Amino acid sequence: MTAASARHFSIAVLPGDGIGTEVMPPALEVVELVASMTGFTVSWTEYPWSCAYYHEHGVMMPADGIAQLEQHDAILLGAVGDPSLPDHLSLWGLLIPIRRAFQQYINLRPALLLPGVVSPLRDTERGIDILVVRENSEGEYSEVGGRVFPGTPDELAVQEAIFSRKGTERAIEFAVELARSRSGRVVSATKSNGIIHSMTFWDEVFHDVMQRHPDIEGRLMHVDALAARFVSHPHDLDVVVGSNLFGDILTDIGAVIVGSMGMAPSANLNPAGEHPSMFEPVHGSAPDIAGQGIANPIGQIWSAAMMLDHLGESTAHDVIMQAIHHVLGETAVRTPDLGGTSSTSEVTAAVMSAIRAAGAST
Ligand code: GGG
């Protein structure tokens, strides 16, 4: 990573596949606008690494891909995956190597119900504002294991999950610090009744961390009960911390209860700032709607706003978020996933116009 000169940022752009290539231009357009309004500059370097790239080159990114990305202050990613390639090849060929090489051990995923958005849940009067901290570098996402007797009736597969004290502790510590700035409560997702080695270890580390923070209320919940709680009592939840797999599953629930997978943002953070962090919507490449111009750009725009906040441009972040609030809360402009009829470009235009209007009135 280069030393970011004052208020200029070099950003690596990986649109990826499917709707990733459709929602990325809106996010760049929005960032350019807030940059010009709030006084910073951005240079974009686009990398075509994707399933299409794989079909041409046999790899998701070149051998020096990580070194190329390291030159940038942050990475903005769209979506990766295509039916023409098994998902584990695209995920392990691009996203996971980036997360691990850059020690992006926190995946921060907000589930926030915005005004004007209809949740599938009946009772949302008390709001939904959950922040999930997903451990992002180890856990169940592991290449340790293998197959024995392939292609025979005795075939078997072994998949090991890896939980280190360091990796578990730093994810829980991160969640505790977040909780301190919010409700003071953390719920930890476990399943130690069934998964008796790694999850009892996770619980033990959670207890150890909580002992160091007596001001924070910590609670362990089995992930099945917690998943149900996301649906039955989302207003009771604030900061939730979970392993790589549990965090991934809980955040899909989080995304749909606040209206749509198309809106959920995420940040893959290297908290020490030694390497670039990566920002991407929770949604995938959605081949079913790709090419129709109806993908919701808000997840990508919101992810870009999280990137700006991470880079220290909190005013720009707030301007974007206010514009999103305005479009959803005050207008009927929304894509079909939110029950509307607007296109990707109409939603983008509405966000841009709300940003301009906010700029004109200050
Ligand atoms: N924008 C997110 C995306 O493309 N995700 C693809 C995927 O398979 N992600 C799995 C994961 O985040 O663990």
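The values are calculated or read from the model by the stated rules, or taken from the named source; none is laboratory data. The structure displayed is predicted, hence computed values, not measured ones. Neighbour counts run over all protein chains shown; Cβ positions are idealised from the backbone, glycine included.
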_Output for the stretch 332-362, where each listed residue is without any contact (Cβ under 8 Å) to a residue 40 or more places away in the chain, surrounded by fewer than 20 Cβ atoms within 10 Å (Cβ to Cβ) and either touching a helix residue (DSSP H, G or I) at 6+ places or on another chain (Cβ under 7 Å) or among the polar types (S, T, N, Q) (or both)_ = Thr341, Ser353, Ala358, Ser361, Thr362
_Filter result (closer than 17 Å to Ser285 by Cβ and in a loop (DSSP other than H, G, I, E, B)) within the stretch 38-62_ = Tyr47, Pro48, Trp49, Ser50, Met60, Met61
*asked:* Against the conditions (1) touching a helix residue (DSSP H, G or I) at 6+ places or on another chain (Cβ under 8 Å); (2) within 16 Å of the ligand (Cβ to nearest atom); (3) aromatic (Phe, Trp, Tyr), where does Tyr53 fall short? Just the number, please.
replied: (1)
*Identify, by number, the condition in (1) surrounded by 15 or more Cβ atoms within 10 Å (Cβ to Cβ); (2) at pLDDT 95 or above that Thr124 doesn't meet.*
(2)
*Among (1) touching a Leu at 6+ places or on another chain (Cβ under 9 Å); (2) within 20 Å of Asn107 (Cβ to Cβ); (3) away from the ligand (no atom under 16 Å from the Cβ); (4) of a type in the set (Gly, Ala, Ser), where does Ala161 come up short?*
(3)
*Is there a residue being of a type in the set (Ser, Thr, Tyr), touching a residue at least 60 places away in the same chain (Cβ under 8 Å) and assigned to a loop (DSSP other than H, G, I, E, B) anywhere in the stretch 161-180?*
no
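Please determine whether any residue of the stretch 293-313 is hydroxyl-bearing (Ser, Thr, Tyr), within 16 Å of the ligand (Cβ to nearest atom) and either assigned to a loop (DSSP other than H, G, I, E, B) or not assigned by TED's automatic domain parsing to the domain that holds Thr348 (or both).
Quick first cut of the stretch 293-313, residues hydroxyl-bearing (Ser, Thr, Tyr) only: 303.
With the extra rule that they be within 16 Å of the ligand (Cβ to nearest atom), the set shrinks to 303.
Okay, now just the ones that are also either assigned to a loop (DSSP other than H, G, I, E, B) or not assigned by TED's automatic domain parsing to the domain that holds Thr348 (or both), so none.
No: the stretch 293-313 contains no residue that is hydroxyl-bearing (Ser, Thr, Tyr), within 16 Å of the ligand (Cβ to nearest atom) and either assigned to a loop (DSSP other than H, G, I, E, B) or not assigned by TED's automatic domain parsing to the domain that holds Thr348 (or both).
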_Residue identified as more than 15 Å from Thr38 (Cβ to Cβ), of a type in the set (D, E, K, R) and over 20 Å from the mean Cα position of the chain (by Cα) among Asp337, Asp288_ = Asp288
*Identify the residue in the stretch 256-270 that is surrounded by fewer than 24 Cβ atoms within 10 Å (Cβ to Cβ) and of a type in the set (Gly, Ala, Ser) and, among all such residues, is farthest from the ligand (Cβ to nearest atom).*
Ser260
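Answer yes if at least one residue in the stretch 207-221 is in contact with a Ser or Thr (Cβ under 8 Å, 6 or more places away or on another chain) and surrounded by fewer than 16 Cβ atoms within 10 Å (Cβ to Cβ), and no otherwise. If you could, list the steps in order and put the result at the bottom.
Step one: list which residues in the stretch 207-221 are in contact with a Ser or Thr (Cβ under 8 Å, 6 or more places away or on another chain), which gives 218-221.
Applying the additional criterion that residues be surrounded by fewer than 16 Cβ atoms within 10 Å (Cβ to Cβ) yields 219.
Taking every residue of the stretch 207-221 in turn, at least one turns out to be in contact with a Ser or Thr (Cβ under 8 Å, 6 or more places away or on another chain) and surrounded by fewer than 16 Cβ atoms within 10 Å (Cβ to Cβ).
Please specify each residue of the stretch 237-254 satisfying the condition of being among the hydrophobic types (A, V, I, L, M, F, W, C) and within 11 Å of the ligand (Cβ to nearest atom). It would help to see each step written out before you state the result.
Initial filter on the stretch 237-254 (among the hydrophobic types (A, V, I, L, M, F, W, C)): 237, 239-241, 245-246, 249-250, 253.
Residues satisfying the conditions are Leu245, Ile249.
Looking at Ala111, Ala74, Ala67, Ala63 in this structure, which one is more than 11 Å from the ligand (Cβ to nearest atom), at pLDDT 95 or above and not assigned by TED's automatic domain parsing to the domain that holds Ala290?
Ala111
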*Only residues in the stretch 278-290 that are more than 10 Å from the ligand (Cβ to nearest atom) count as the first member; pair them with residues that are aliphatic (A, V, I, L, M) and assigned to a loop (DSSP other than H, G, I, E, B), Cβ under 7 angstrom, at least 6 apart or cross-chain, and list the lot.*
Ile289/Ile19; Ile289/Ala295; Ala290/Ile19
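Looking for whichever is over 25 Å from Gly284 (Cβ atoms), more than 20 Å from the chain's Cα centre (by Cα) and either surrounded by 22 or more Cβ atoms within 10 Å (Cβ to Cβ) or within 16 Å of the ligand (Cβ to nearest atom) (or both) here; the options are Thr200, Thr168, Thr190. Which one fits?
Details: Thr200 fails: either surrounded by 22 or more Cβ atoms within 10 Å (Cβ to Cβ) or within 16 Å of the ligand (Cβ to nearest atom) (or both); Thr168 fails: more than 20 Å from the chain's Cα centre (by Cα).
Within the list Thr200, Thr168, Thr190, the selection yields Thr190.
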